[in-house]
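All remarks here apply to the structure that follows.
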Amino acid sequence: MGKTIAEKIFDAHRVNMPFPDTHVLKLDRVFCHEITTPIAITDLMARGMDRVFDPSKIKAVIDHVTPAKDSKTAEQGKILRDWAKRHGIKDFFDIGRNGVCHAIFPEKGFVRPGYTVIMGDSHTCTHGAFGAFAAGVGTTDLEVGILKGVCAFHFPKTIKFVLNGTLKTGVYAKDLILFIIKELTVNGATNMVIEFTGPVIDVMSMESRMTLCNMAIEAGGTCGICYPDKTTVDYLWEFIKDEFNTKEDALKEYSQWISDADASYEKVYEYDVTNLEPMVTFGYKPDQVKSVNEMTGTKIDQVYIGSCTNGRIEDLRIAASIIKDKKISDDVRAIVSPATPDIYSVALKEGLIEIFQKAGFCVTNPTCGACLGMSNGVLANGEACASTTNRNFNGRMGKGGTVHLMSPATAAASAIEGKISNSPLYKV
Amino acid sequence: MKEFSGKVLFLDRSDINTDEIIPAKYLTEITKEALKPNLLEDLSLTGFNVKDDINDKAVIVTRANFGCGSSREHAPWALEVNGINVVIAESFARIFRQNMYNCGMFSIELPNDKIEYLFENYAGKDTSISIDIDNDKIIVTSLDQSEEIDFKVGEFDKTLVKEGGWVGYADKNY
């Protein structure tokens, strides 16, 4: 019997199995941000165990509230900053160099095929796009990861999606993952890894694969995984070129992190997604999904383009191509948050920032802020937001507010119309 | 080891997410105690009165997929500082479930028919539950009845409960 990619990664990282179905794995990366890490740090200090297992494998960023909005968030940043300095954690991204964790860490080449990654953030599943096993964990798992470089998991049962056909113009990875979550429901993948495979994935950029894997958790999945291929190698090449003579060598090495043809799956789903329409959520669960056509005309007050799901350069290019030479509706306000300083710089050079500004968008610094209602775009009671983020929970972006999840294209079209609208109406 | 017995709060809904258990705006707190006043304040559940209903409770009984969403351990902490160390549900989100055990708390899964039975026979009454960790029994008591229900958790989970969490165990063993 063959093995899935997750089983192969487990086999290569297993320290031991202290109990049945308890796999303690060695970690290649422990990612940290200022919301869930400070309590781990203060707890380690209180226990007299203020140590880190390997400062080169720990990466940290201030991203949720940045620059600090008040004394409490300033203190969280300070705890993380002082800790990074104290332990010689060189890859610490402070204000000015910081971006949304799941955008900046891949961008810096920190994730490689076959890696094990944890972070105190549920959207850590994003990094599976590189053929890694990446899981969101709580602060205690993070604390042990920081201290010992290990984490315990159950056996990674896997479900596989084979996605055939070609996505239509105006239909993106975000529409695809909303469709998949609708099919799986919000707990359809609980305790499982989701593999995304097939011709649709083969032609997807790393950015789109990250969008897809990012929302695996919204179906309860531990990690979303795409197989490493030439696209993965091209994306990573600037970071790995000293390790390999050629890209072919790198591809050959990384190809060990692909599931065997006779691997065993919990379930295999196969779809032809050629006729998939742009999708959008209603209600307060990410599996409450309809086509944009069914939701056209729904009232919105704010448009938000950004986040670890859809704040990458590809997303800004798509949104800007729709907004170019147009104005947002007088009925809405619109915010765009490039997810990292590099994305911001490229968007500036390509003239995208000017397009957003001329259209009436507020362009913020890179931050998670509005997605979880912490800063930079909190909703008022009764308001609705057309958002490229990943969670539409009740009050997620502000108490009493509603969130409609959608692609950057749909969000851009909705900003122009002032209500939920279909992007194919506009030239994409 | 923590206390695993006391009055029951019945939450008759599936998919109660971590934003409902403790909203993100309170994640700027750096002590667990500071989360105490805000447990479940955004819970969307008809008839639920956050101030009265949480008071004096030690155990939650609820439906499927409890704790879905964010990885925030602030959710179990907010329960803990309110004296709730046990959640019994049909199922849990993975991260929340692990976070509970990592803190030395119980997240116990029971089959749908047992959860249904608890709701039918005990919700709305003054019900108490205590966990017999050595014999894998949930002891349910109300004014007019008392019974035992079997439960199963993994050896790892039980060890974490007995050791008071993952940090102590990991420090000794890794």
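Read the figures in this text as sums done on the coordinates, not as results from a lab. No experiment lies behind these values; they were computed from the predicted model shown. Because the Cβ atoms are built from the backbone with ideal geometry, glycine has one as well, and the counts that use them run over all protein chains shown.
Here the spin labels are modelled as points 7 Å beyond Cα on the Cα-Cβ line, and at B:Phe119 and B:Asn173 they lie 3.5 nm apart. Projected label points at A:Val162 and A:Asn16, each 7 Å from Cα along the beta carbon direction, are separated by 4.1 nanometres.
Using the Kirkwood radius over C-alpha pairs as Rh, can you work out the diffusion coefficient of the range A:157-272 via Stokes-Einstein at 4 °C, viscosity 1.567 mPa s, in µm² per second?
Roughly 87 µm²/s, to the nearest whole number.
Placing unit charges on each Cβ (+1 for Lys and Arg, -1 for Asp and Glu) gives chain A a dipole about its Cα centre, and among A:Ala415, A:Ala6, A:Ala134 the Cα reaching farthest toward its positive end belongs to A:Ala415. Taking only the Cα atoms of the range A:347-388, the ratio Rg/Rh comes out at 1.03, with Rh defined as the Kirkwood radius. Evaluating 6.51 cos²θ - 1.76 cosθ + 1.60 at θ = phi - 60° for every residue in the range B:152-168, the Karplus couplings come out as 10, 10, x, 4, 4, 4, 5, 4, 4, 4, 5, 7, x, x, 7, 5, x Hz, glycine and proline recorded as x.
If you take the square roots of the eigenvalues of the alpha-carbon gyration tensor of the range A:89-150 and sort them as a ≥ b ≥ c, do you get rounded (a/c under 1.5), prolate (a/b over b/c) or oblate? Since a/c reaches 1.5 but b/c is at least a/b, the shape of the range A:89-150 is classed as oblate. Quick one: in the range B:79-137, what % of C-alpha pairs are over 12 Å apart? So the portion of pairs separated by more than 12 Å is 73 percent. Computed over the protein assembly as shown, the quotient of the alpha carbon radius of gyration and 2.2 N^0.38 Å is 0.93. Couplings 3J(HN,Hα) for the range A:361-368, derived from phi with the Karplus relation 6.51 cos²θ - 1.76 cosθ + 1.60 (θ = phi - 60°), are 6, 8, 9, 9, 5, x, 6, 7 Hz, where x marks Gly and Pro. A:Met192 sits among other residues whose Cβ lies under 11 Å from its own Cβ, and their net charge, with Lys and Arg +1 and Asp and Glu -1, is +2. The Cα atoms of the range B:5-173 give a gyration tensor whose axes a ≥ b ≥ c have a/c of 1.5 or more with a/b no greater than b/c, which makes the shape oblate.
A Förster distance of 41 Å, applied to the separation of the beta-carbon atoms of A:Thr274 and A:Gln357, puts the FRET efficiency at 0.65. The alpha carbon radius of gyration of the range A:5-153, expressed as a multiple of 2.2 N^0.38 Å, is 1.01. In this structure, the amide hydrogen of A:Ala384, modeled 1.01 Å from its nitrogen in the peptide plane, lies closer than 5 angstrom to those of A:Asp301, A:Gln302, A:Thr402, counting only residues at least 5 positions away or on a different chain. Using 0.36 nm per residue and subtracting the Cα-Cα separation, the extra length available between A:Arg47 and A:Lys399 on full extension is 123.1 nm. Residues whose amide H comes within less than 5 Å of that of A:Phe93, counting only those at least five positions distant or on another chain, are A:Ala60, A:Val61, A:Ile62 (H built at 1.01 Å from N in the peptide plane). Loop-located trypsin sites (Lys or Arg not before Pro) in the range A:118-187 (DSSP state not H, G, I, E or B) with no more than 15 neighbouring Cβ atoms inside 10 Å: A:Lys168. Over all pairs of different C-alpha atoms in the range A:325-408, the reciprocal of the mean inverse distance, the Kirkwood hydrodynamic radius, equals 13.4 Å. Adding -39500 (n - 2.57) for every DSSP H run of four residues or longer, then dividing by how many residues the protein assembly as shown holds, sets the calculated 222 nm ellipticity at -9000 deg cm²/dmol. Evaluated at q = 0.25, 0.27 Å⁻¹, the base-10 log of the normalised Debye intensity for the range A:1-67, with identical point scatterers placed on the Cα atoms, takes the values -1.10, -1.14.
In straight-distance terms, cross-link reach from A:Lys108 covers every one of the lysines whose alpha-carbon lies under 21 Å from its own, apart from those fewer than eight places away in the same chain; here that gives A:Lys57, A:Lys59, A:Lys85, A:Lys90, A:Lys230, A:Lys241, A:Lys247, A:Lys349. Under 5 Å between amide hydrogens, built in the peptide plane, is the criterion, and for B:Ile60 it picks out B:Leu9, B:Val86, B:Val87, B:Ile88 among residues at least 5 positions away or on other chains.
Across peptide A:179-192, the mean count of Cβ atoms from other chains lying within 10 Å of each residue's own Cβ comes to 3. Within the range A:253-360, the percentage of alpha carbon pairs spaced more than 19 angstrom apart rounds to 63%.
With neighbour counts taken as other beta-carbon atoms within 10 Å, the residues A:Ile194, A:Ile217, A:Ile343 rank, fewest first, as A:Ile343, A:Ile194, A:Ile217.
Calculate, for B:Arg13 and A:Glu238, the FRET efficiency according to 1/(1 + (r/R0)^6) with r their C-beta to C-beta distance and R0 56 Å; round to the nearest 0.05. Using R0 = 56 Å, I get an efficiency of 0.70. Mean partner shielding of peptide A:390-396, defined as the number of other chain Cβ atoms within 10 Å of each residue Cβ, is 6.
Ranking B:Ile21, B:Ile60, B:Ile138 by Cα position along the charge dipole of chain B, where only Lys, Arg, Asp and Glu carry charges on their C-beta atoms, puts B:Ile21 farthest toward the positive end.
For the residue pairs A:Lys148/B:Lys172; B:Lys137/B:Lys158; A:Lys299/A:Lys399; B:Lys2/B:Lys25, the C-alpha atoms sit more than 21 angstrom apart in B:Lys2/B:Lys25. Among beta bridges from DSSP that stay inside the protein assembly as shown, the antiparallel ones total about 30%. Rounded to the nearest whole Hz, the Karplus-based 3J(HN,Hα) values (6.51 cos²θ - 1.76 cosθ + 1.60, θ = phi - 60°) of the range B:8-20 follow the sequence 9, 9, 8, 10, 8, 7, 8, 6, 6, 9, 5, 5, 6, with x at glycine and proline.
Would you mind ranking A:Phe196, B:Phe96, A:Phe179 by Cβ crowding within 10 Å, fewest neighbours first? Don't skip to the answer; put the middle values down first.
On the way: A:Phe196 25, B:Phe96 28, A:Phe179 19.
Result, fewest neighbours first: A:Phe179, A:Phe196, B:Phe96.
Label sites at A:Phe155 and B:Asp144, each approximated as a point 7 angstrom past Cα along Cα to Cβ, lie 4.6 nm apart. Legend: Rg and Dmax of the range A:281-425, from Cα coordinates, 13.5, 38 Å.
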